[in-house]
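First the structure, in the form of structure tokens, and then the observations on it.
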Amino acid sequence: MSIQIRIKKGVEQGLIDFLKFLLTNEKVSAVFTLRKTPKEGVYDYGLITDSEMLTDAVPLHPLMPVNAGQELSRFTPMKKPVAAVIKPCELRSFIELVKRAQGSMENFLLISYTCAGCFRFDVSLEDQGNKHLSDYWKAVERGENPEGIRETCTVCEYFVPINGDVTVKLIGEKFNDEAVLIFHTKKAEEMAEGFEGERSEVEQFSDKIGSLTEKRRSEKIKLFDRIGKEMKGLGGMIDVFGRCIKCHGCSRVCPICLCILCDFESSLFDYDVSQIEKELLRKGAMRLPTDTILYQIGRMNHMSFSCVGCGMCTEVCPANISVSAIFLRTGEETAKLFDYVPGRDIEEPVPVTVYKEDELSTLGEE
Amino acid sequence: MKDISNKGALIPVKGGVRKTILEFAKSLLREGVFDGILISMRVPAKDSYAWVLIKDPSFIDKATPLAPIIAVQGAKALKSFTRKGKGSMKIAAVMRPCEIRATVELVKLNQIHLENITLISIDCPGALPMSYYIKNPEDGEKDFNDLFSGKDRTVSTRAVCQICDHFSILPSCDLHFGLTGEEGEGVFLIPNSEKGERILKEMKIKSSETLTDWKNSVKELIEERKKQRAERFQEVKSMVAGFDSMLDTFAKCIGCHNCQSACPICYCRLCYFDSAVSKQDSDFILQKARRRGGISFPVDRILFHVGRMSHMSLSCVSCGVCSDACPVSIPVADVFSYVADQTQGTFEYRSGEDIEEAIPVAQYQLEEVRGVEELIKQAEE
Amino acid sequence: MEDTFYPRIVSFLCKWCSYSGADLAGTSRIKYSPSILPIRVMCSSRVNPVFVIKSFFGGADGVLIGGCHPGDCHYQSGNYHTRRRIAILQKVFDSLGMEKERVRLAWISASEGSRFAQVSDEFTNKIISLGENPAKKEIFL
Amino acid sequence: MSMKIGVFICECGPNIAEHIDIDSVIKKIVATEEFKDIELVIKRHKLLCSNEGQEFLEKEIISNELTHLVIAACSPRDHESTFINVCKKTPLNPYLFKMVNIREQCAWIIPDKEEATNKAARYIRAAIRRVLYQSELLEREIESRPDVLIIGGGIAGLEAALSLASKERKVYLVEKKESLGGKASLYNLLLPRQSGGVDEIQKKIQDVENSENIQVFTETEVESVVGFFGNFEIVLKSLKADESRTELKAGGIVVATGFDLVNPQALSGYKYTKDDDVYTSLEIEKMIYSDGKVYLKSGEQPRSVTLVNCVGRDEKGYCSRICCGAMIKIAKAIRDLSPDIKINVLYRDLCLPHKEDQRFFDEVKESGVDFIRVKGIKLKERRIEYTGMDGSKSEITSDMVILAPAMVPAEGTEELAEILGIPLDETGFFQEAHYHLNPVSTTTEGIYIVGAANGPQGISESILQAQAACGKILTRLIPGEKIVPEVKVSEILESFCTGCRTCLEVCCYGAIYFDEEKGVSVVNDVICRGCGNCAASCPSGAIQAKHFTSRQLYTEMIEAIR
């Protein structure tokens, strides 16, 4: 049984007030949120303990410098309560990580919001005078895909937080004059006790949510078709991933790739000269370093079913590969095998840790 | 350190310098002087380049000596080939001077075994920024051709290339192609070691031309570059002077560590700063936050960069791949080549120039690098 | 390369069922495709999907994974895990427009010598119809 | 130390020699470019597994100081162990040996000699490459106790206790009830021969009580078990008031906890109270054989009796196998008591597994007992509504109704499974390691299940299983002999483990635990069986399956396809 609190202030201010409230009343010992840095136009995630510093907080700023789910998991378990404002996909990443025993959600008050997507790095970096930003907010109010957001954001249909303790209404709302916070969990309601605002039954989300979902579903079909056309067999793979310079930045920023050392960077994939020479004799020519495509397919095998399409991999790819869209597309396929949705439910076991006796029954029989 | 030979052969240019070099490479394979040639090749998607080890001469036509960009640092390709020991095939690697220098450093670090490898370098006009090339490869190709042929010297190469004073023949290469600028005049083929001499012998090429003019023009450019270098370093100095300016310079850093994984010198399988050792306990982070009222994520970004400097700056060859790999366009390479200039200067060490010159090790006792240590301390704070 | 296409098929066979099945095919003197190159593992669940990808890029024309029938795994449930892993792998291949038919999972018990031979022949023919593994000559891998 | 690899090709009489050109294989191997720098000792032999062949091998290994060994011969299933034993007589570690199966895999399946020869050569090359990546593994021995704990003092438990005791094994026999004997002791006559049951069982009970090798604990249950095959540490808890604990050690455990009968009143469709003349088969068994007559609550003899089989069969989803026999026996007993009692037997399916059952059934049928096959049954007091096979509804009301309730796992089975760490199957009985191939073992080595603990059984099967389990124990757990745990186990490289615990999930032996301190998973190499599932499940490649490492398999694979 959840409630909603309406604060007669701009949505971001309303949220910040709530965070201030939590911090000053010591309901939490720190707040994790996006914030402005001293450097013009640069934002980072900060863990804030001094409520004064919340004045720099921009919890709803459309940027994902790092995947917060990954960051949160890195310094959990939290021994004291902490409030964190993160995007729905970051929340899902966090849940996937927790399933893999990478950190715990204990002591977190997880606040998320109906997210219209976040800017690509290039867009945000060149956004002089916040032109893009003001357009972004207009689009959010209209419930449309804003300009300059990540490719996978434009097709994301999980932009209404599935989990979390508090949801902030954003898309299609009058967020310049009021903030609406929905409290889903007991923990959240208790924390909100004493916080000023008009409490009521939870009202429906704006119907713009529905229309945007529809829009994005059809966008997704288009995008996936396009990728499908590029990804035609080995040749297609090489066209697309042939550019890969093997920096493996994608795996390092990937919230699902939790390995300390990626298997594909292990000595297992260093070859004896003789092995390479033999390969050379057979082919007449070969790329060095090798295993470029192997790495990509291998990684898909390891994590695609848990891919939340946060888009970090695409952002960091120096070779401009649409990594995220490609992985999301394959990931939806592999997840579908087990009607799995990454980050939907903490109780849903990671597909590769379990099995059903009566599934996939044709495989191996024919 | 041995000095550069004064004689070379002048190879007539047919259909452009790079074509000529390719023909030469092809004949090297045909004549059996080499079993394989490591050279860059445009990827099928046509918007980047990869290193390809070629045995069958017919593949040479697809290759490109001196690509417009450095997608993967050549030394990395060589490392992936010979990290575990010398091979039985005779291989020639056609690379940029900075790639040769990185190779030399990796040899010193036992990551490359050169026994059966011959290093061939080419006068390098610099490389284009990867981001620029990938967005419009065809313009990139045109720009680079103009630059290479000397038709247009104003093409803007990567920042570090513009201040590079190691763009030509190095003591550590075996064979070098000296460009005479103007098309048609031909390229100098300069043997620079016994290996190099032997090749010319086997190819029955006489190195009788004197190189004085070419050498002078190179020297001129080097001097010019040295000036620009000094100027640029003045600016960069302020970017790294003290912890706060470091904070400012690396403010955008998202801690993806692309710079480290693209770096040819950072050969660690697992970077110390990615290892479990540097994972931090939540209480510790909370304390840190309390001290300043807030803490920025990912934590220890500055520590990472400063730490990396202390690990590799002595061997840094200013190849610039770190800047190319940075998703938030931080001028990593400028900073690192400046710091490298300092640390290497401290020991009068010139990374990648001479294979005989050992990497100075006892760095931490020295007063001069205390600065770095200070930074680390502050960063760890 | 040979003019007549002679497929190379890596076959990971579990020690208890499939490998024994292969032995039975042998002792019963059944003649079947010489393309099959068995590699003995304790359980089909030892087969890391990356082995399969690796085989391809190493030049294998096909990969056969043999395990005990569901429910008969010598190690209780190993083959159920194998089944999921291979399902994921095939899906990944499929999504990339790569020939997932080049990967085959087959349950073959120790008593199914003839099934082993039959599966081997079928699969070999399948591979022949698919033709040579394009990765064999690809230089940009 | 420089490499020196011995490669020996067995002719296997004509088996290999006739189908493979061994000399050309040798030529191909020797000609292989990459073996140039490796010292190879490569020879052929007519029959390596013969005594002469083994001696030859031994000499070769020692005199050439071989560092690695490759043998191309038959299937490893035939002679790998033979050659491992040869290695053990030499300084060569047996895990630096690789066997290549060129008989079943080449000679016998490829008609074309040249093809067979090529494949053999490729195969041997792969083995040579692989063996270079194999590493020494050292077998270690651990102390083991020959003593055995038996849980359950029913027929199966008694049988197991006696067979072990007869071989001078110390046995601890634990029974929850105050006396031994279990369910079997409640049946007076046993099918098919209607021979006496009680006396036979009483005799066993006496033998057990008289044996000084058997220590009996009645009114006692198992509280905890830790350890592994050869070294289980057990705590027993007395069910008597004092709740005293007994600690003991044993090398093996036999689970013989038997079964209970489902309570018909707990099933929908069986509505009656204790005042109704509705009885279970066991109650009647007691009535007839101790009082020598069949009578109603009123004391009179019933004029009509209806026996209902398969009570709870549909609910439970399995056939209890022995009830049919028991009911037929009861029917006969009643008929013997009086020819005028009308006897009906309602059954769902008849299960008469023993070879003599059928004849006995026919006799009883002829003696005027009506067997009616039915689909569904509803009982209210003594009135029975049933649906015939044709779907038609009928009903019978008789003076007496006798129910044959389904067998269900004995009370406390789940708790015990928890304590022993062995699984139950969907019926709730203990799960055997392998239904066909390994019916009395469990997933945990050293723990065996016998009798009805594994599911509905008759007495003879229970005894068979008890003897089978003892056979395993007597041959695997030998006094004074140490046990050698599997060495081809998994190993987790601490520094690469991220602690995602995927391996814990996929390991069905519970051989992996999580070290909270270090935050990494760790393999208990005594419990690990070396299937390698965990190794394949680890995304970081932090798990190594010894003797089947990724490197070894890659090498073998890449060479094989080259």
- What base-10 log of the normalised intensity I(q)/I(0) is obtained for the stretch A:177-321 from the Debye formula, alpha carbons as equal point scatterers, at q = 0.16 Å⁻¹? -1.03
- Per residue of B:282-291, other chain Cβ atoms within 10 Å number on average 5
- Arrange the following residues from fewest to most other Cβ atoms within 10 Å of their Cβ: A:Val240, D:Val30. D:Val30, A:Val240
- Item | the protein assembly as shown - charge dipole about Cα centre, Lys and Arg +1 at Cβ, Asp and Glu -1, debye rounded to 20 | 2440
- Task: Sort A:Glu357, A:Glu348, B:Glu105, D:Glu559 so the one with the fewest other Cβ atoms within 10 Å of its own Cβ comes first.
- Result: A:Glu357, A:Glu348, D:Glu559, B:Glu105
- Note on the structure: With Cα coordinates, the longest principal axis of chain D makes an angle with the long axis of helix D:155-166, in degrees rounded to 10, of 50
- For the stretch D:490-546, what's the radius of gyration and Dmax over Cα atoms, in angstrom? 9.7, 27
- If you put +1 on each Lys and Arg Cβ and -1 on each Asp and Glu Cβ, how big is the dipole of the stretch B:7-229 around its Cα centre, in Debye rounded to 20? 700
- Query: Say a paramagnetic label sat at a point 7 Å from the Cα of C:Ser28, along Cα to Cβ; which residues of the stretch D:86-116 have their backbone N under 15 Å from it?
  - Reply: D:109
- Message: Checking a compactness column here: for the stretch D:427-562, what do you get for Rg(Cα) / (2.2 N^0.38 Å), N being the number of residues?
- Response: 1.33
- Message: Take the residue pairs B:Lys46/B:Lys151; A:Lys9/A:Lys187; A:Lys87/D:Lys518; A:Lys336/C:Lys54; C:Lys54/D:Lys119; A:Lys8/A:Lys220 and return only those whose Cα atoms are more than 28 Å apart.
- Response: A:Lys87/D:Lys518; A:Lys8/A:Lys220
- Output for the stretch D:305-344 (equivalent-ellipsoid semi-axes, sqrt of 5λ from the C-alpha gyration tensor, Å, descending) is 25, 10, 4
- Item | For the stretch B:159-221 and the stretch D:349-390, distance of Cα centres in Å | 104
- Anisotropy class of the stretch D:4-137 from Cα gyration tensor, a/c 1.5 cut: oblate
- Say the cut-off is 28 Å between C-alpha atoms; which of D:Lys88/D:Lys170; D:Lys46/D:Lys88; B:Lys14/B:Lys84 go over it? D:Lys88/D:Lys170; B:Lys14/B:Lys84
- Item | Dipole-positive endmost among A:Gly210, A:Ile182, A:Gly197 within the stretch A:171-210 (Cβ charges, Cα centre) | A:Gly210
- Message: Per 0.36 nm of contour for each residue apart, how much would the distance between D:Glu381 and D:Ile84 grow if the chain were fully extended, relative to their Cα-Cα spacing?
- Response: 99.8 nm
- Note on the structure: For the pair A:Glu193 and D:Glu363, the simple spin-label estimate (label points 7 Å beyond Cα toward Cβ) gives in nm 8.0
- Taking a ≥ b ≥ c as the square roots of the Cα gyration tensor eigenvalues, with a/c under 1.5 meaning rounded and otherwise prolate when a/b beats b/c or oblate if not, the stretch D:264-406 comes out rounded
- Message: Can you compute the charge dipole magnitude of the stretch D:264-406 about its Cα centre, using +1 on each Lys and Arg Cβ and -1 on each Asp and Glu Cβ, nothing else charged? Give it in debye, rounded to the nearest 20.
- Response: 300
- So what is the 222 nm mean residue ellipticity for the protein assembly as shown from helices alone, if each DSSP H run of at least 4 adds -39500 (n - 2.57) and you divide by all residues, rounding to the nearest 500 deg cm²/dmol? -11000 deg cm²/dmol
- Item | Virtual spin-label span in nm between B:Gln228 and D:Val198, 7 Å along Cα→Cβ | 11.2
- Rounded to the nearest Å, the spacing of the alpha-carbon centers of the stretch A:60-85 and the stretch D:259-313 is 67
- Message: Can you give the log10 of the normalised intensity I(q)/I(0) at q = 0.14, 0.15, 0.21 Å⁻¹, computed with Debye over equal Cα scatterers of the stretch C:37-141?
- Response: -0.56, -0.64, -1.20
- Quick one: which residues, 5+ away or cross-chain, put their amide H under 5 Å from the amide H of D:Lys342? H built at 1.01 Å from N. D:Ser304, D:Val305
- Which whole number gives the average count of other chain Cβ atoms within 10 Å of the Cβ atoms across peptide B:58-65? 1
- State, in angstrom, two size descriptors of chain B derived from its alpha carbons: Rg to one decimal place and Dmax to the nearest whole number. 21.6, 74
- Query: Can you list the HN-Hα couplings for the stretch D:546-562, worked out from phi with the Karplus curve (6.51, -1.76, 1.60; θ = phi - 60°), rounded to whole Hz and with x for Gly and Pro?
  - Reply: 4, 6, 9, 5, 4, 4, 4, 5, 3, 4, 4, 5, 4, 5, 4, 8, 6
- In nm, to one decimal, how far is the modelled label at D:Met389 from the one at A:Leu337, with both set 7 Å along Cα→Cβ? 4.6
- Message: What aspartates and glutamates does D:Lys28 reach when the alpha-carbon gap must be under 13 Å and sequence neighbours fewer than 8 apart in one chain are set aside?
- Response: D:Glu114
- Any idea how far the Cα center of the stretch C:1-41 sits from the one of the stretch B:1-40, in Å? 49
- Computed over the protein assembly as shown, the distribution of all Cα-Cα distances in 20 Å bins, rounded to whole %, is 9, 28, 32, 22, 8, 2, 0
- Using the Kirkwood formula on alpha carbons, the hydrodynamic radius of the stretch B:121-234 in angstrom works out to 15.7
- List, in order, the whole-Hz ³J(HN,Hα) value for each residue of the stretch A:163-179 obtained from phi through the Karplus relation with A = 6.51, B = -1.76, C = 1.60 and θ = phi - 60°; use x for Gly and Pro. 10, x, 8, 10, 10, 9, 6, 9, 5, x, 9, 7, 7, 7, 10, 8, 10
- Message: Taking each residue in D:500-512, count the Cβ atoms of any other chain within 10 Å of its Cβ, then average. What number comes out?
- Response: 4
- Message: Quick check: from the Cα gyration tensor, does chain D come out rounded (a/c under 1.5), prolate or oblate?
- Response: prolate
- Query: By count of other Cβ within 10 Å, fewest leading, how are B:Arg232, C:Arg29, C:Arg46 ordered?
  - Reply: C:Arg29, B:Arg232, C:Arg46
- Note on the structure: Per the Kirkwood formula over distinct C-alpha pairs, the hydrodynamic radius of the stretch D:84-216 in angstrom is 20.3
- Message: Show me, bin by bin at 5 Å from 0, the whole-percent P(r) of the stretch D:235-319 based on Cα pairs.
- Response: 3, 9, 14, 16, 12, 10, 10, 11, 8, 5, 2, 0
- Mean Cβ count within 10 Å, highest first, over the residues of peptides D:395-403, A:197-205: D:395-403, A:197-205
- Assuming R0 = 51 Å, what is the FRET efficiency of D:Leu424 and A:Asp270, from their Cβ-Cβ distance, to the nearest 0.05? 0.60
- Cross-link pairs beyond the 32 Å C-alpha cut-off, checked among A:Lys80/A:Lys174; D:Lys183/D:Lys380; D:Lys36/D:Lys89; B:Lys108/B:Lys201; B:Lys108/B:Lys215: A:Lys80/A:Lys174
- Note on the structure: Taking only the alpha carbons of the stretch B:230-380, the radius of gyration and the largest Cα-Cα distance, Dmax, both in angstrom, are 15.7, 52
- Message: Could you compute Rg(Cα) / (2.2 N^0.38 Å) for chain A, with N its residue count?
- Response: 1.06
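Since every read-out is calculated from the coordinates, none of them should be taken as a lab result. Computed from a predicted structure; not experimentally measured. Neighbour counts run over all protein chains shown; Cβ positions are idealised from the backbone, glycine included.
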